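The values are calculated or read from the model by the stated rules, or taken from the named source; none is laboratory data. Note that the coordinates shown come from a computational prediction; the quantities given were computed from them, not determined experimentally. Neighbour counts run over all protein chains shown; Cβ positions are idealised from the backbone, glycine included. Keep in mind that these areas ignore ligands, DNA and RNA; they rest on the heavy atoms of the full protein, side chains included. Shrake-Rupley method; radii C 1.70, N 1.55, O 1.52, S 1.80 Å.
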Amino acid sequence: MEEKQTEANVKNVALRNGLIWGVINIVIFLTIYYVVPDMMSSYALAGIQLLIGIGLAVFFTLELRKAAGGYWTFKSALLNIFIMFLISMAISYVFTVVFGKFIDPSYPGKMKELVMAKTESTLKSVGMQESQIEEAMEKTKENLQKQFNPTFSQMISGFGVSAIFYFVGALIFALIFKKERPIFLPGTED
C-alpha cells in the first residue's frame, strides 16, 4: 500500500516538475524573443538552452528520486523521468505553435528571416559556390515553411520524433540516476 502511494506521489512530482520546466522554457523563449530577438537563431543561444535544459533535468530528476524515498528501480526512474520530459516538451511545443499562430503571427516570418540570413552567412563563410548556396537556401526555405507552418500531420509527426528523442534522454537519465534499494541494510547480518 505504501509503495503504491509513494509511486503515485512520484508521478505527481513528475507531472509538477514537467509543468514547471515547461513554464521555465516559455519564460526563457519570451524573454529572448522580446529582449534580444536577433539571438533567436544563434548557436550560442542553442548552447545556453542546452546547458539550462540539462541543469534543470538533473535538478528535477534528483527531486524525483528524493520523492521516491531515495531509491527507485530503472523502470520507475525511466517512467517518471520520461513523463517529466514529455510534459515539459509538450508544453513548450504547443506554446510555440499557439504563439506563432495566434499570439504573434509575425513570429514565423521573423524567424524565417533570421534563419535564412544566418544560413546564408554560414554557407558563404565556408566558401560554397553561389549555385550551391542558392540550392541550399531553397531547401532551407522549404524546411522552414514546414517548421513554422506545419500541417496537422506534420505537427503530430514532429511531436512523435521529439518524443522519441526525449525517451532516449530519459533512458540515459534513468541509467545514471537509478538507485536500487540495497538487499541488506548496513549493520544487519540477515
For this session: Determine if segment 25-44 includes at least one residue that is under 20 Å from Lys178 (Cβ atoms), surrounded by fewer than 18 Cβ atoms within 10 Å (Cβ to Cβ) and at pLDDT 95 or above.
Result: no
Exercise. Out of segment 75-92, which residues are farther than 15 Å from Gly169 by Cβ and either crowded, with 16+ Cβ neighbours inside 10 Å or of a type in the set (A, V, I, L, M, F, W, C) (or both)?
Worked result: Ser76, Ile91
Seminar exercise, completed: Within segment 142-181, the residues that are open to solvent by less than 50 Å² (accessible area, probe 1.4 Å) and over 16 Å from the mean Cα position of the chain (by Cα) are Leu144, Phe148, Pro150, Ala174, Phe177
Problem set entry | Residue check for Ser125: open to solvent by 40 Å² or more (accessible area, probe 1.4 Å), at pLDDT 90 or above and either farther than 30 Å from Arg181 by Cβ or not small (Gly, Ala, Ser) (or both) | yes
Exercise. Just wondering, is there one or more residues in segment 130-141 that are among the hydrophobic types (A, V, I, L, M, F, W, C) and either open to solvent by 70 Å² or more (accessible area, probe 1.4 Å) or under 30 Å from Ile83 (Cα atoms) (or both)?
Worked result: no
Seminar exercise, completed: Scanning segment 19-52 residue by residue, those touching a residue at least 12 places away in the same chain (Cβ under 8 Å) and among the small types (Gly, Ala, Ser) turn out to be Gly22, Ser41, Ser42
Exercise. Which fully enclosed helices (runs of 4 or more DSSP H) of segment 101-190 have 1 or more residues being touching a residue at least 40 places away in the same chain (Cβ under 8 Å) and within 30 Å of Thr61 (Cα to Cα)?
Worked result: 152-177
Seminar exercise, completed: Of the residues in segment 1-22 that are open to solvent by 80 Å² or more (accessible area, probe 1.4 Å) and aliphatic (A, V, I, L, M), the one that is modelled with the lowest pLDDT is Met1
